[in-house]
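Heads up: the structure comes next, in structure tokens.
The values are calculated or read from the model by the stated rules, or taken from the named source; none is laboratory data. Just so we're clear, the structure is a prediction, and the values are computed from it rather than from any experiment. Neighbour counts are summed over all protein chains in view; Cβ atoms, including those assigned to glycine, are modelled from backbone coordinates with ideal geometry. Just the protein is used for accessible areas: all its heavy atoms, side chains included, with ligands, DNA and RNA removed. Shrake-Rupley method; radii C 1.70, N 1.55, O 1.52, S 1.80 Å.
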Amino acid sequence: MGDLQRRPEVLQEVMSLKKVKALNIHYHDYSAEMQQSIYFTLKNYLLQPGDKPKCYNQSNGDQNSTAWFLDYLGKYLTYCTGEDLRAFSDSQQLLQDFAVDPQNLALVGELALSEDVKEYYSTLITMQNPSIALGSVPDNLICYVAGKWNISQTTATEARLTLAALQSCLRPSQEPVGEVTGALPDTTGNLSVETFQRLGPLAVGLTPSVLLANADGQTLRRVLPLLSATGGWSPAQASVIIKKVIQNGYQINKASSILILGKLAPGLPVNVLEKLDNKDTLLLAADQNFTESMEQAPLPVKYKFVQRILQSVTGSTFLNIPDKLADQIPLSRLASPQININEINQKKWTAAQASVFFQAVLKSTQQYSRLSSTVLQGFSCGAANFLNNSQFASLAKAMRDKRIQLEDSQLSCMTKRLTGQITPSDFEEYPAEVLFYMGPETFSNTVNCQKYFHLVGQANVDLLPRVSSKRQSLLESAKACLGTSTLSFSKENLQILGNLSCALNGTDIAKSDPYILTILQSCMSFTEDQLTAIEQQLKNKYGSPSTWTVSTLTDMGILASALMSSTLQRISETEKTQFFPDFLSQLKTWNRNQFTYLLKQLANPQRQKRAATDCTRTPLTTEVVVKQRDLLASKYTSSSDLDACLPDDVLRNNLETLGKMEFQAPLLQVLKLKLDKIFGMLPEDYLPLLGNIARMYTTTEIANWNITTAETLSALLTGTSWQEDLPKVTSLVTRHLEANGNQLDGTMLTMLAPHICALEDTQIKAISSEAIRETSRPMNTSLCSQRQKNLFYSQLRAAYEENPSSPDAYYQRLKPAIGGAPTKDLIKFASGYPVMDVATFTALNPDEVQKLSAQNLKDLLGANLPELNNLADDSVVKSWTQARNQSEVNSLGLLLVAGLPDKPPNGFIDIPSEPYIPGRATTYAKDHMFQLFYCMLFPLVLTAFL
């Protein structure tokens, strides 16, 4: 085969049809290495300079066959890439002709092609014939063709015939890919039993809006066995189906009738679970299929199910709760001073839950390596205060082994406890992030410092703010350790730096080894100069953006989100439309900051035009909406365009999908106004589908909504961000409370935990202690007024009984509202409760902190006290220092300026000085020294005269 690659005359001989056919016949006789070598030989010949495709001449009867892929590549097409496929011809039209040739299609159907070849080949097929019958498409391409298929050019009869082919595109989880959903035949008329039977598993592609408008309860009840066996239903779809069958008379009051619902279980109404008796509740809790389905249910449904289990059993709190639903267990149930490690170790806990029982866990076992990662995440220095140094070190090592993601406050106090224990010989046994706080000074020789920075490179560098001096100091020390004063980093150096490479500036990145593109995959955000350098490295590796394909963009990984507008505009629209919808959906979950950045860069600003009645762009269809998703939010930046190009029926039928898109506010307003025109007053069934559009409604409009169920309220609260619209959350809550006499119970408080500051004073005062004890999530009071914080703290303190045998659990439950704690409670915490982290301290009420003595402050913060030196301008710190004299501040070892002068010694006269003015430190010091000297001299002079 070496001769084939080196001798052009041999290549020419090989490229006869007879020779290629012979190679095909013996394809399976060759090793994979030989097959690949033969492909490269064929490719090199076909890509030689000259007209392409080589060996094709339309006017030559011997060389005008469109079965070109079969004739000149055969089974060796297996090793082809998408870029190769494009390069074989100068004419895309010819490639399209080749793609639909029956012999080529038959060949492709036999081969295990790469993903990018499948993508491009299916593009060629649909460009040639947008409504090609899917029955004629090879099985391995159907799902790719379906994503590009033009349903609007297909008759209803032809479309129905393709359903069986489309069903093969379902994922192993039975969840349909979005492209298949977009290619569904027209099912927006009345949905009959026959329609559901034809659709089969593809019925999950019917949106909640379509089900609401076109499916009646009687039909759904008849096809319930089919629907319940189909996976992939969203909670909104399942809820619509179950609600309609209940309205049609279907009784759901026993475990048996609920289990029949199968995969539809996430749509169960809360009121159904409330009415179950204890026996049926425990039967459901023991059914693995049911509990797995419930993991996908909305928060109030999961919460109510767990509540019912707890109400149905006596004895162990944890035994009957499904492991992955344990995050709904109320915090009050976790405060026992004794805990069974075996019962809790397999369950999925939140960090807030684990913090409540963490001290009890540490008192129950010293085998810390046995503890699960969700238990260990509850670590706090206060909970571990009673451990000796050896035990504490073992706990820290267990966290390293389980790769626990610790927060800044946890790491800071952990480092203080470990100082003096960690040596260069064993520091890889501790959480890598601890090394941030230790600094590299201890490990000055080359071997130790490289080992140190290699471990730092494995840590979560994003714990250090991008602008922090600590991050930059670590990087400079790393450069010195690696002996690289230049701005160019080798692959070996980059492997040592690891995640610390995220701190490199643009010049460093641009001049470093191309391996930098691999290392930067872990970074969460980039500065402007980093983005410029990353783009240059990408262009060096992949060439001009105009040649980039889906395969190229996929290979870039997360760095595809770092591309700037000018570069994105040079990428083919076809490639962008194929790549970015799925990438944006993933990025939205992975890295919200980069998602927002990329969406802005993808946007092609359009000049705002006067309102137009006709769409001057391609009208939006269900197919386009389903396939392009958030990419549409970048394509449509003009309100008038969106208004003109989005038909009312497409908005209504795809409300949930459009509500999830990140449109700018003016475009969301367009959607809102269209809905006003379609519905007038929105029915409650459509409210859970609004997503981001909900923010466009005024408090007055919200006050007219029907929000009768917890599920509706939960969907509205979680469908968008309300942090800047808390008055609207207040309206949502008030409207729900007005409906059917609803109360602020445990379900409501758990749902409202992130938005708790939206409650009015009268509502806060009305919260019962029982409701607080039933909550499973801590209240986020950080955005509340001081008045609200005081009220919340008072309510929580009344609800949680102080338990001397479990002081840490008591503190952890009050901690979310501790900003409202009075001085007397802070003194009590200081006298024997957990070490308070600085972030919690700075959230306290300054007026109450001001009353603490120096000893109180020392007892409250413990080892964290010196951190106040970095917070001289914080309002809480200032409040305390301004109420103290300098000797009192100095007694704590703090380097802060007090607000009150020290009393002079007996016999000394205090002469008031000018008030201290910031920025006049030198003058102030001189004046103070002169006054002190004068006061010392004056008694001597006075004695001389007496």
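Does Ile321 qualify as being among the β-branched types (Val, Ile, Thr), on the phi < 0 side of the Ramachandran plot and in a loop (DSSP other than H, G, I, E, B)?
yes
Considering every residue within region 632-652, establish whether at least one is touching a Cys at 6+ places or on another chain (Cβ under 7 Å) and either β-branched (Val, Ile, Thr) or in a helix (DSSP H, G or I) (or both).
yes
Out of all the residues in region 333-361, which are surrounded by fewer than 23 Cβ atoms within 10 Å (Cβ to Cβ) and in a helix (DSSP H, G or I)?
Of everything in region 333-361, those that are surrounded by fewer than 23 Cβ atoms within 10 Å (Cβ to Cβ) and in a helix (DSSP H, G or I) turn out to be Arg333, Ile341, Asn342, Glu343, Ala351, Ala352, Ala360, Val361.
Hey, can you tell me all the residues within region 1-47 that are outside any helix (DSSP H, G or I), open to solvent by less than 60 Å² (accessible area, probe 1.4 Å) and at pLDDT 85 or above?
Matches in region 1-47: Leu47 only.
Could you tell me which residue of region 832-852 is most open to solvent (accessible area, probe 1.4 Å), considering only residues that are under 14 Å from Asp408 (Cβ atoms) and assigned to a loop (DSSP other than H, G, I, E, B)?
Looking at the filtered set, the residue picked out is Thr842.
For region 673-765, give me every one of the helices (runs of 4 or more DSSP H) that falls completely inside it and has 1 or more residues that are within 23 Å of Lys789 (Cα to Cα).
Because the criterion is at least 1 residues that are within 23 Å of Lys789 (Cα to Cα), the helices (runs of 4 or more DSSP H) in region 673-765 that meet it are 710-718, 726-738, 746-752, 761-765.
In region 100-124, how many are farther than 21 Å from Lys21 by Cβ and more than 36 Å from the chain's Cα centre (by Cα)?
The total comes to 1.
Given the options Leu791, Leu752, Leu726, Leu783, name the one that is modelled with pLDDT of 95 or more and under 30 Å from Phe663 (Cβ atoms).
Leu752
When the residues of region 421-440 are narrowed to those that are touching a residue at least 24 places away in the same chain (Cβ under 8 Å) and in a helix (DSSP H, G or I), which ends up surrounded by the fewest Cβ atoms within 10 Å (Cβ to Cβ)?
The qualifying residue surrounded by the fewest Cβ atoms within 10 Å (Cβ to Cβ) is Glu429.
Confirm whether Gln328 is open to solvent by less than 60 Å² (accessible area, probe 1.4 Å), under 30 Å from the mean Cα position of the chain (by Cα) and within 27 Å of Leu689 (Cα to Cα).
Yes, satisfied.
Among residues belonging to region 704-719 that are within 23 Å of Gly680 (Cα to Cα), of a type outside the set (A, V, I, L, M) and open to solvent by 20 Å² or more (accessible area, probe 1.4 Å), point out the one that is farthest from the chain's Cα centre (by Cα).
The selected residue is Asn704.
Regarding Thr881, is this residue of a type in the set (Val, Ile, Thr) and modelled with pLDDT of 50 or more?
Criteria met by Thr881.
What are the residues in region 513-537 that are assigned to a helix (DSSP H, G or I) and of a type in the set (A, V, I, L, M), if any?
The answer is Ile516, Leu517, Ile519, Leu520, Leu531, Ala533, Ile534.
Can you tell me which condition Gln855 does not meet? The list is (1) at pLDDT 90 or above; (2) surrounded by 16 or more Cβ atoms within 10 Å (Cβ to Cβ); (3) assigned to a helix (DSSP H, G or I), and all the others hold.
With respect to (1) at pLDDT 90 or above; (2) surrounded by 16 or more Cβ atoms within 10 Å (Cβ to Cβ); (3) assigned to a helix (DSSP H, G or I), Gln855 is out only on (2).
Pick out the one residue from Ala265, Ala297, Ala238 that is in contact with a helix residue (DSSP H, G or I) (Cβ under 6 Å, 6 or more places away or on another chain), in a loop (DSSP other than H, G, I, E, B) and buried (at least 21 other Cβ atoms within 10 Å of the Cβ).
The match here is Ala297.
Could you give every pair whose Cβ atoms fall below 7 Å, whose first residue belongs to region 318-331 and is over 14 Å from Gln353 (Cα atoms), and whose second residue is in a helix (DSSP H, G or I), counting only separations of at least 6 or pairs across chains?
Leu319/Glu343; Asn320/Leu282; Asn320/Ala285; Asn320/Ile309; Ile321/Val306; Ile321/Ile309; Pro322/Ala285; Pro322/Thr291
Could we say that Gln405 is more than 17 Å from Arg370 (Cα to Cα) and either loosely packed, with under 15 Cβ neighbours inside 10 Å or among the aromatic types (Phe, Trp, Tyr) (or both) here?
Yes: the conditions hold for Gln405.
Return the only residue of Ala393, Ala398 being in contact with a Phe, Trp or Tyr (Cβ under 7 Å, 6 or more places away or on another chain), in a helix (DSSP H, G or I) and either open to solvent by 20 Å² or more (accessible area, probe 1.4 Å) or closer than 27 Å to Ile339 by Cα (or both).
Unique residue meeting the criteria: Ala398.
Any idea how many residues of region 206-218 are surrounded by 20 or more Cβ atoms within 10 Å (Cβ to Cβ), part of a helix (DSSP H, G or I) and free of Cβ contacts under 8 Å to residues at least 60 places away in the same chain?
So the answer is 1.
Are there any pairs with C-beta distances below 8 angstrom linking a residue in region 892-914 that is under 20 Å from Val877 (Cβ atoms) and open to solvent by 70 Å² or more (accessible area, probe 1.4 Å) to a residue that is in a loop (DSSP other than H, G, I, E, B) and modelled with pLDDT of 65 or more, with the two at least 6 apart or on different chains, and if so which?
Val897/Ala872; Leu900/Ala883; Leu900/Arg884
In region 402-420, is there at least one residue being free of Cβ contacts under 8 Å to residues at least 24 places away in the same chain and in contact with a Phe, Trp or Tyr (Cβ under 6 Å, 6 or more places away or on another chain)?
yes
Inspect region 746-765 for any residue being of a type in the set (D, E, K, R) and crowded, with 19+ Cβ neighbours inside 10 Å and give the result as yes or no.
The answer is no, given that none of the residues of region 746-765 is of a type in the set (D, E, K, R) and crowded, with 19+ Cβ neighbours inside 10 Å.
Taking the conditions exactly as written (open to solvent by 20 Å² or more (accessible area, probe 1.4 Å) and in contact with a Ser or Thr (Cβ under 6 Å, 6 or more places away or on another chain)), does Glu770 satisfy them or not?
no
Residue by residue through region 612-632, note down the ones that are modelled with pLDDT under 85 and among the β-branched types (Val, Ile, Thr).
Those that are modelled with pLDDT under 85 and among the β-branched types (Val, Ile, Thr): Thr613, Thr616, Thr618.
For Phe98, work out the one condition from (1) modelled with pLDDT of 90 or more; (2) farther than 21 Å from Thr574 by Cβ it doesn't fulfil.
(2)
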